[in-house]
Amino acid sequence: MKGKATLTLSDAATGKVVQRVEESNMVTDAISRLFNPPHEALIDTNWPGQMAAMLPMWKNILGGIILLGNTLEESKDNIMLREDCVPVGTAGDAYSGANVMRGSLNINESYETENGYHFTWDFPTDKANGTIRSVALTSRAFGNAGFAPCETRDGSLTVNPYEFIVSYLLSSAPKFMTLVGNYFIGSFRPRELLYASSSTKNNKTTVVFKRFQTLDTNALKINDRVYSEDGSNIPVETTELVLDFKVDNLKNVFWDPKNRDLYIFAPASHSTLSGSEYPYRGTVRYWRIDPDTLTVKEFTSVRFPKSGVGDVLSCAVYDGVFYAVTASEGTYKVNMTTNTLIEVLPLTTNYPSRFYVNETGLMYNFYGLRAPYGSAGTFYRMDVDTGFSYDGLIYGVPVYADWIPQPYFLYAYGQEFNTAFVLLMSNYLATINNLAQPLTKTNAHTLKISYDIIN
């Protein structure tokens, strides 16, 4: 598969062409991976339905375009759009709304060719203004997202891979299992799911870890069976860990993939503080755990001068900095070495999520309900204080699982994070076109992008 993008910048008043740029693309492995999903993660999948949703390719999986103010690494493994990108615009379907980052498909100038498809997208004077250094074909869902919450349900950061549609409640999305009364922690070994539950007695919490080994489609045994959604027929290994303080819930966990450390946090109530901890209402105790042996490597606490009590929702330890998201006072950043407050970011949420690490840094999803149909949030990179908005999941976070090929991702979902889902992130890079010279669009210009993609 190969293609060519033609960007034509015109003076809006005269119609005169100001600049025309033509660039051939390189194709990443995104499309190949889409057609080779992790079948062991999609045991209950409707594969014919998924194929029908992906074909013809121009309809959904190549039906969007991203415009960026940065160049992209030209590598077949450069699959996902990084959160440190410079957004300029997107386009998918025909559009006439107010989102200034979203262009419109020119239906009359888009058509099938003998061995491919010819796309045309228009960006009027108020859309996609800025300097463009690269473009990339992406999914129709992300093309419709426009780096912002959508007015309609035609765009999202996450889609149900069965039908390539936006699915907020994910009632029909592929899932491993739902384990009632447990939290899905992550997948730190190939095809293994780590769940945990807890109970407290005499202010000591016992955590029961359960490792579930899922099917390996490349090494199936004669007596293997399709596992049940509640995990009752999956081999399980159980480990107990007693913690010397009370842990209210296990939503508040964090995985550091760089150092392979699993953290469990326990924000301390003011009544339990003593000695040197007492003046610091922001005391959070934590246990650093080896994910292989499920034993404690370190137990300590972080203290910071927080005015309120009991509203720490999520925590992380990343590159020597402790982060704590609160419901009313912002997000605290504390130097782990000196135990001093660095800053308080003006970021609050009433919907607890989890921190997670990806290729670009420390991430957090700030969610909020959006009537009448779903949720919206901010995909936030904490370590550099940047983010952009999107429509997507509420009560859902990506979890570590390096054996699942991007753009498929493993998610913990539900108000108790007790369901392991496989979802498709829509912001993948199917092709990459770095422009030989930047193109700068203002509100005095219109932009037409024609993109020919052929076999």
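Checked against a 23 Å cut-off, the cross-linked pairs Lys201/Lys333; Lys59/Lys448; Lys221/Lys258; Lys16/Lys448; Lys251/Lys333 give Cα-Cα distances beyond that limit for Lys201/Lys333; Lys221/Lys258. Evaluating kT/(6 pi eta Rh) at 20 °C and 1.002 mPa s, with the Kirkwood radius of the stretch 297-353 over Cα pairs in the Stokes-Einstein relation, gives 184 µm² s⁻¹. Taking all protein chains together, Asp319, Asp224 sort by accessible area into Asp319, Asp224, largest first [probe 1.4 Å]. In this view, the solvent-accessible surface of Glu343, computed with a 1.4 Å probe and all protein chains in place, comes to about 70 Å². In plain terms, the chain from Asn455 to Lys201 could stretch by 85.0 nm, reckoned as 0.36 nm per residue minus the Cα-Cα distance.
Largest first, the residues Val208, Val100, Val397, Val344 sort by 1.4 Å accessible area into Val100, Val344, Val208, Val397.
For a Förster distance of 25 Å, can you work out the FRET efficiency between the beta-carbons of Lys221 and Asn36, rounded to the nearest 0.05? E between Lys221 and Asn36, to the nearest 0.05, is 0.65. Pairs of Cα atoms in the stretch 79-147 fall into 10 Å distance bins, from 0 up to the last occupied one, in shares of 19, 52, 25, 4 percent. In this structure, Thr340 and Tyr111 have a Cβ-Cβ separation that, at R0 = 45 Å, corresponds to a calculated FRET efficiency of about 0.15. Expressed to the nearest 5 percent, the antiparallel share of DSSP beta bridges inside the stretch 8-133 is 90 percent. Our estimate of slack between Asp77 and Trp403, defined as 0.36 nm per intervening residue step minus the Cα-Cα distance, is 115.9 nm.
Here the extension length gained between Thr386 and Thr125 equals 91.3 nm, from 0.36 nm per residue of separation less the Cα-Cα distance. Modelled label positions at Val321 and Asp261, each set 7 Å beyond Cα in the direction of Cβ, lie 1.6 nm from each other.
Solvent-accessible surface of protein heavy atoms, probed at 1.4 angstrom with all chains present, puts Glu83, Glu114, Glu74 in the order Glu114, Glu74, Glu83, largest first. Placing unit charges on the Cβ atoms only, positive for Lys and Arg and negative for Asp and Glu, gives the stretch 1-100 a dipole magnitude near 420 debye about its Cα centre.
The values are calculated or read from the model by the stated rules, or taken from the named source; none is laboratory data. Since the model is a prediction, treat every value here as computed from it, not as a measurement. Counting neighbours? That spans all protein chains shown, and the Cβs are built from the backbone with ideal geometry, glycine included. Ligands, DNA and RNA are stripped out before the accessible areas are found, and what is left, the full protein with its side chains, is counted by its heavy atoms. Shrake-Rupley method; radii C 1.70, N 1.55, O 1.52, S 1.80 Å.
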